[in-house]
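Bear in mind that the values in this text are calculations on the coordinates, not laboratory data. Source: prediction; values computed, not measured. Virtual Cβ from ideal backbone geometry, glycine too; neighbours counted across all protein chains shown.
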Amino acid sequence: MRPSAARLLNILVPVKRAVDYAVKIRVNPQQTGIDTNVKHSMNPFDEIAVEEAVRLRERLKDQIKSIKAVTIGPPKSIDTLRTALAMGADSAIHVEMPESAPAPEPLAVAKALRAIIEKQEGGVDLVILGKQAIDDDLGLTGQMLAGLLNWPQATFASKVDIDVAKKEATVVREIDGGGEEIRCHLPLIITTDLRLNEPRYASLPNIMKAKKKPIEKLSASDLGVDLSPILETLKVSEPPKRVGGGKVESVDELIAKLKDAGITAV
Amino acid sequence: MLSVSRILVRQLPSRIARANYSVAAPATAFAPLNSVTESDITHFATILSPSSLLSTLSPTSTSPEELDQFNNDWMGRFRGNSTTVVKPKTTQEVSEILKRCYEKRIGVVPQGGNTGLVGGSVPVNDEVILSLANMNKVRSFDPVSGILVADAGCILQSLTDYVAPHNHIMPIDLGAKGSCQIGGNVATNAGGLRLLRYGSLHGTVLGLEVVLPDGTILDQLTTLRKDNTGYDLKQLFIGAEGTLGVITAVSILTPPAPQASNNVILALPSFDKVLPLYQVVKQQLSEILSAFEFIDRTAYDLAVKHGQGRALSDEDVEGAECFVLVETSGGRREHDEEKLSHLLETLFEADKPLINTGVLSQSPAQFSSLWALREGVTEAVSKEGKAYKYDISVPLSSFKDVVDGTREHLHSRGLLHDKAVKHVLGYGHVGDGNLHLNIVADAYLPEIEDALEPYIYQVVASHRGSISAEHGIGAMKTHALHYSKDKVSIGLMKKIKEMFDPRGIMNPGKVLE
């Protein structure tokens, strides 16, 4: 018997409900943000994070004690948690915000996650989260959380191995021109990159089971954090529309058009 | 250039070995047709703008390569020898061209996106190709009624894009949507993925403008939902494959765009569960059910083997004899999801379950991936070997018998082994009674063809089915038409043809022998 195996791992997977990547983004008429009345799904990088946690359990079996998903967002974010639970998370936390509240920024999210981690009775040994959310593309939460907790961080992971006995993780990171292999001590923050894995489908039996898994509801005040943004959005606008080409019937017409456009022979 | 998927690729050449198939002479009772001459070109030049006339004859003298894309079908299977392509911009121009061709007894092949599967849109000899590509304007759209009136040459995708901002969709969707034209869709009565939900074009097309073979313009371009005033002539042109006239404009009813879509793949322990499942699904999902597609195990395994969509986990597919893909689309996501989830609970918790298990898509990415398992079968089949494909309509209950019977038949002929037929598989639209029967062989062999035909056509006939559910007859299946239509019907079809086209110039050699 390995004496150190007594400490089993608790994994926390923060997930975000984001506008689905397949949706065409439209700026609202007031130019204050985008039309959010469209299909949402779990941020793809977070889906990879959930998948990785579930795969760790499939590999390490009982050495993974718990996988808990957490999200911060409006009531509809519960769908995202159900997806995480259907994929294999054991339980979830929903930090609920009013429907109309502005989306929280990475620093506030990181502070809320820190408060959640501190509240967990068995502690948290590993946080796996997406390297960025595809809606705001900020890519800061994991790093800020590592800073706040003073934990090591392995960002942009494309391969993760955990040695539970040694309380160590070996992570391959995506860097320019290749991979960088690093070894870190637990507790650890891992942010996931695209090549880490391919998330599974939620099977019907697991979707049914997920409906019975516990979701704990919390509010920002329960955690003692303020989720209101500190950045002010001045204006959101679409990139300029691409102007299509036209057909000309003759060379003369082409030359005339070029002249009109101010292009002349040298 | 051609988008290749769902419908388009459902049927690949079943007799590719017979490469000179297309030059078979059209055996009709009509007087022989004439070739285009230089004087015809001169005449066409007075009707059309220079960019609308391509001909290898002088004075135009286009290079023959430029005509290749019009003379050949996209599969490279059917090949015409036309010297001349006309691309009129107005109905009037179409009328004047036909008038000339009628006078001179020159054959005319109307051509849309040229994405058909049965060689209906390319010449059998040297007929003039009348491309509708330049007639590509939307004439009107009423966002209240959803009625769209458009030129025949409008590409299906561009019409979809046109009505999208008004929250409407086209009632028809198929794999070739990026290339196919609405006129061609109507002329071939194309089926496609939305048929279960929105019905066939015989219902959604409200009016047509057609130029008859002698140049007369038949204006039936009304936008009326109801119009019981005598014979409904436009119906004759829907599915006539351009043998009665040239469709130049279409009035079509577009449904409101669904606000939410979901899909699920269900694994079934045996085929006999498909029909009871279809009943339950239809009853519970009712108006939001938009697809009910069937894939047998062989088809699924091939799709997975050739990387079409992400496979289900091993435990999910264990013991499954076939799969069903169910798609919903409706007006309100919460409502649809609740219905779907209730259905799944019922199915899953039943005492005698109809399904083993299944997966429910959680995101549009998974939605596409599940569809890819179904749509990818075609591509997988062509990667696996040489495919003989049959697009047939038979009663739902006989799907499996037809597939198993064909396999058994090939086995009894000693043709079911690695060097001959490798797989016999079935998939298709359960909701529409449309089965795609595929035979994957190591190579195209005459003995396989002899074993398959007329065997399959006879099986179809014995079920009173259709030898061509949604692909049409074209030049490819004229010889087999009698398996689906009796003598009386074919006799009437010939009379209709003679009445509209007494000189036999319209798309000769197609549909009728």
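When B:F44, B:F78 are ordered from fewest to most other Cβ atoms inside 10 Å of their Cβ, what list results?
Numbers: B:F44 23, B:F78 26.
Listed from fewest to most nearby Cβ atoms, that is B:F44, B:F78.
List the relative contact order of chain A as a percent without decimals, with contacts defined as Cα pairs under 8 Å and 6+ residues apart.
Numbers: 508 pairs, mean separation 62.6, N = 266.
Value for chain A: 24 percent.
Hey, could you get me the Stokes-Einstein D for chain A, Kirkwood radius over alpha-carbon pairs, 25 °C and 0.890 mPa s, rounded to whole µm² s⁻¹? Each step should come with its number before you reach the end.
Working: Rh = 20.6 Å.
The diffusion coefficient I find is 119 µm²/s.
Considering the Cα trace of region B:260-376, what is its radius of gyration and what is Dmax, both in angstroms?
Calculated on Cα positions, Rg and Dmax stand at 13.3, 36 Å.
In percent, how large is the relative contact order of region B:385-471, given Cα pairs closer than 8 Å and 6 or more residues apart?
On the way: 136 pairs, mean separation 38.6, N = 87.
Relative contact order comes out at 44 percent.
Could you calculate the FRET efficiency of A:T233 with A:A165 from 1/(1 + (r/R0)^6), where r is the beta carbon distance between them and R0 is 41 Å, rounded to 0.05? Before the final figure, lay out each step's value.
Details: r = 48 Å, r/R0 = 1.17.
Here the calculated transfer efficiency is 0.30.
Across all directions of projection, what mean area in square nanometres is found for the Cα convex hull of the protein assembly as shown?
Working: hull surface 165.5 nm².
Computed as one quarter of the Cα hull surface, the answer is 41.4 nm².
Starting from 0.36 nm per residue, how many nanometres of slack lie between B:E334 and B:K99 once their C-alpha separation is accounted for?
Values: separation 235, 0.36 × 235 = 84.60 nm, distance 5.72 nm.
Between B:E334 and B:K99, full extension yields 78.9 nm more.
Sticking with the crude label model, points 7 Å out along Cα→Cβ, report the distance from B:S462 to B:S140 in nm, one decimal please.
Roughly 5.4 nm, to one decimal.
If you take every residue apart from B:Y102 with its C-beta less than 11 Å away from the C-beta of B:Y102, what net charge results, scoring Lys and Arg +1 and Asp and Glu -1?
Numbers: positive: B:K99, B:R100, B:K104, B:R105, B:R503; negative: B:E96, B:E103, B:D214, B:D501.
Local charge sum for B:Y102: +1.
Could you tally the net charge around B:H417, taking each other residue with its Cβ under 13 Å from the Cβ of B:H417, Lys/Arg +1 and Asp/Glu -1? Mind showing how you got there, number by number?
Working: positive: B:R407, B:R413, B:K419, B:K422; negative: B:D418, B:D442, B:E447.
Residues close to B:H417 contribute a combined charge of +1.
Identify all lysines with a Cα-Cα distance to A:K213 below 24 Å; exclude those on the same chain that are fewer than 8 residues away in sequence.
By straight Cα distance, A:K213 reaches A:K16, A:K61, A:K65, A:K68, A:K76, A:K119, B:K339.
Among residues other than B:K234 whose Cβ falls under 11 Å from its Cβ, what is the net charge (Lys/Arg +1, Asp/Glu -1)? All intermediate terms of the calculation are to be shown ahead of the outcome.
Values: positive: none; negative: B:E209, B:D219, B:D227, B:D232.
Taking every Cβ under 11 Å from that of B:K234, the sum is -4.
May I ask you to evaluate 6.51 cos²θ - 1.76 cosθ + 1.60, the Karplus curve with θ = phi - 60°, for each residue of region B:185-194 and list the ³J(HN,Hα) values in order in whole Hz, giving x for glycine and proline?
Karplus-based 3J(HN,Hα) across region B:185-194 equals 4, 6, 4, 9, 6, 4, x, x, 7, 9 Hz.
Evaluate peptide A:195-203: per residue, the Cβ atoms of other protein chains within 10 Å of its Cβ; return the mean as an integer. Before the final figure, lay out each step's value.
Values: counts 0, 0, 0, 2, 5, 7, 15, 5, 9.
For peptide A:195-203, the averaged partner shielding equals 5.
Kindly provide log₁₀ I(q)/I(0) values, in the same order as q = 0.33 Å⁻¹, from the Debye equation applied to equal alpha-carbon scatterers of region B:214-260.
Reported log10 I(q)/I(0), two decimals: -1.44.
In µm²/s, what is D for region B:138-253 at 10 °C and 1.306 mPa s, where D = kT/(6 pi eta Rh) by Stokes-Einstein and Rh is the Kirkwood radius from Cα pairs?
Values: Rh = 14.1 Å.
Stokes-Einstein gives a translational diffusion coefficient of 113 µm²/s.
Under the rule of at least 5 residues apart or a separate chain, name every residue whose amide H is placed under 5 Å from the amide H of A:S91.
Those lying under 5 Å, H to H, from A:S91 are A:I67, A:A69.
Counting residues in chain B as N, plug N into 2.2 N^0.38 Å and put the Cα Rg over that result.
Values: Rg = 23.4 Å, N = 513, 2.2 N^0.38 = 23.6 Å.
Here the Cα radius of gyration is 0.99 times the empirical estimate.
Pop a pseudo-label 7 angstrom from the Cα along the beta-carbon direction at both B:K305 and B:H43 and give the gap in nm to one decimal.
Taking the two extended label points, one gets 5.7 nm.
When ranked by the protection proxy of mean other Cβ atoms within 10 Å per residue, highest first, what sequence do the peptides A:99-108, B:466-475 form? Could you put the intermediate results ahead of the total?
On the way: A:99-108: 16.1, B:466-475: 23.8.
The most tightly packed comes first, giving B:466-475, A:99-108.
Pop the C-beta distance of A:M208 and A:I175 into the FRET formula with R0 = 41 Å and round what comes out to the nearest 0.05.
Numbers: r = 42 Å, r/R0 = 1.02.
Rounded to the nearest 0.05, the efficiency is 0.50.
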